[in-house]
Every structure is written in C-alpha cells, then in structure tokens.
Amino acid sequence: MRISRVLALTLALVMMASVAFAGPSYDRIMKDKKIRIGVMTDSIPGAFFDAKGEWVGFDYDITTELAKRLGVDIERVKVNNKTRIAFIQQGRIDASVANMTHTREREKSIDFSITYFFDGQKVLAKTGKYKTLADMKDKKIATMQGTTSEINVKRALKALGVANPAAHVISFQKESECFQALQMGRVAGWSTDATILLGYASKTPGKFELVGDFLSDEPYGIGLPQNDSALRNAVNAALQDMWRDGTYMAIYNKWYGPDTPFAMPMSGSLELWP
C-alpha cells in the first residue's frame, strides 16, 4: 500500500512538472497549426451575430486575418467581459480580441499586443433629451460590470459633485442589457466605448445620440498569455504588416468607414517597428 502511494505521488509530480514546463503557447500553436481566440458575441460592430445568425464584425475580421498571417487555423471561442481575461489565464484561449482596453491593472493578469484599435468612452442618450453627462448626473446611468467604463463613469460623476456615484450607476453583464435598459427608460444614459454605442444606436436610427465630451481614451489591445514573448512578437508583427499593406484600413472602413452606420474617422495609427 505504501509503495502504491509513493508511485502515485511520483506520477502526480511528473504530471505536474510536465504541465509546468510545457512549451509556451506559441510553440503549441505552431505545432498544432491552430490558434484559439476569444471573441465577443454582442458587441456591435466589433463582434456580433447578424440578422442571418452569422458571427461577424471588426474584431471577427481581425482574427481571421491574424490567423492567416500566422499560417494557422482558427478556433473562435465566445467570451464576455468576465471571461475574456479569465480564459487566457486558464489556458482556454491563446488570445482575446474582444474590444479590451489595455490598462496597467490588467497588465498584472495578462499580456497585451500593441494598440490595434483607438476608441473613447462616451454617453448614449435619447435624442434631444440631454446634452452632457452633467444633465443626467442625478439620474441612473448604465454601464457594464467589471469594465474600465464602469470605473470611468463613476469617476466622472464624482467630479460633477455626485456624493455617491455608485448609487447612480447600474452595471450589467452585457451590452445588449445596457441598451435594453436605455430603451425601456430604466436609465437616462449608457456609457461605454463610443463605437459600441454607435453600433447599438444604429438599430433604431434617430432615436439615440452620443452626448457630451469623451470621458476617457480607450486603447484596445489583444489580450495574450504572460511570459510568451514569441506569441506577442508574432501577433505584433502581423498587426503591423496588416497596417503597412492596407489590409487593416480595408477592414476598418468595412465597419467604421463613412458609408457605414457606425462611421467614425480613424483617430490614430498602429505602432510600427523598423
């Protein structure tokens, strides 16, 4: 019995060691010829299901091109604001292309690519009802739980003199839930990234509008596992090559160009290395 326990313990230690010293994500991706990427499902027009039930969007197209440039197949995994970081930490995905703002706090948990998209936080409200966030500071504001948007809107309300900003913010799990609350009049405004707000406003043209100034800059990065410079470098190189040869702007204009419902002029440029 004692020998069996020793053997079992030894086997367990060997298995633990094999996991701990397994090759980094990049090596496995190149070996299996497949990358697993987390993508949102209701973030219009970043990544969502259209009227035909097809998964589409800016981030969706970026992931397609990224896998192509890495020379591997792609497996997309549905993520949301809660799981897009956790799935990377758990090894369930290799990257998260999910309209995620690159912050120093998040750097403690995962790694990031260079900025691949430039956004800013705004407030969406019923057309003609409010002009600024100050006009609705005594009302309820919707935002998404566990996001930088939630932190930023509370900070903005505090700066406007609201004693207890948390009491004026209702946080939801999904963008669609925020928009529904706004449509039903449960909240006076919804605050998150401007491109997301434009996407949902396009569902009912003319009924909702962006109001006030930007509350923050929101540089999006692709979330990646920590301590895997080979994967980070490969992703960064692919993004830069997409920018250089015009592919990036072709995808951007497809979703955010002047002839789209989500028109937003490009406000930055990708970091390019010699």
Filter region 119-129 for residues that are open to solvent by less than 20 Å² (accessible area, probe 1.4 Å), of a type in the set (Gly, Ala, Ser) and farther than 16 Å from residue 151 by Cβ and give the result. 125
Please verify whether residue 211 is part of a loop (DSSP other than H, G, I, E, B), surrounded by 13 or more Cβ atoms within 10 Å (Cβ to Cβ) and over 17 Å from the mean Cα position of the chain (by Cα), treating the condition exactly as stated. no
Which one of these is open to solvent by 40 Å² or more (accessible area, probe 1.4 Å) and either at pLDDT 95 or above or more than 30 Å from residue 25 (Cα to Cα) (or both): 242, 266? 266
Got a number for residues in region 151-206 being over 22 Å from residue 138 (Cβ atoms), open to solvent by less than 40 Å² (accessible area, probe 1.4 Å) and either among the β-branched types (Val, Ile, Thr) or outside any helix (DSSP H, G or I) (or both)? 5
For region 182-204, state whether one or more residues are without any contact (Cβ under 8 Å) to a residue 40 or more places away in the chain and touching a strand residue (DSSP E or B) at 6+ places or on another chain (Cβ under 9 Å). yes
Collect the residues in region 243-274 that are of a type in the set (A, V, I, L, M, F, W, C) and within 18 Å of residue 45 (Cβ to Cβ), keeping them in residue-number order. 249, 250, 251, 255, 262, 263, 264, 266
Just a yes or no: is a residue in region 223-232 outside the structural domain of residue 129 (by TED's automatic domain parsing), surrounded by fewer than 21 Cβ atoms within 10 Å (Cβ to Cβ) and free of Cβ contacts under 8 Å to residues at least 12 places away in the same chain? yes
Which residue out of 261, 219, 205 is out of contact with any helix residue (DSSP H, G or I) (no Cβ under 7 Å at 6 or more places or on another chain) and at pLDDT below 90? 261
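For residue 119, are the conditions met, namely being in contact with a Lys or Arg (Cβ under 8 Å, 6 or more places away or on another chain), in contact (Cβ under 8 Å) with a residue 12 or more places away in the chain and among the acidic types (Asp, Glu)?
Working: in contact with a Lys or Arg (Cβ under 8 Å, 6 or more places away or on another chain): no; in contact (Cβ under 8 Å) with a residue 12 or more places away in the chain: yes; among the acidic types (Asp, Glu): yes.
No: the conditions fail for residue 119.
The values are calculated or read from the model by the stated rules, or taken from the named source; none is laboratory data. Note that the coordinates shown come from a computational prediction; the quantities given were computed from them, not determined experimentally. We place every Cβ from the backbone using ideal geometry, glycine too, and count neighbours over all the protein chains shown. The area values use the complete protein model at the heavy-atom level, side chains included, leaving out ligands, DNA and RNA. Shrake-Rupley method; radii C 1.70, N 1.55, O 1.52, S 1.80 Å.
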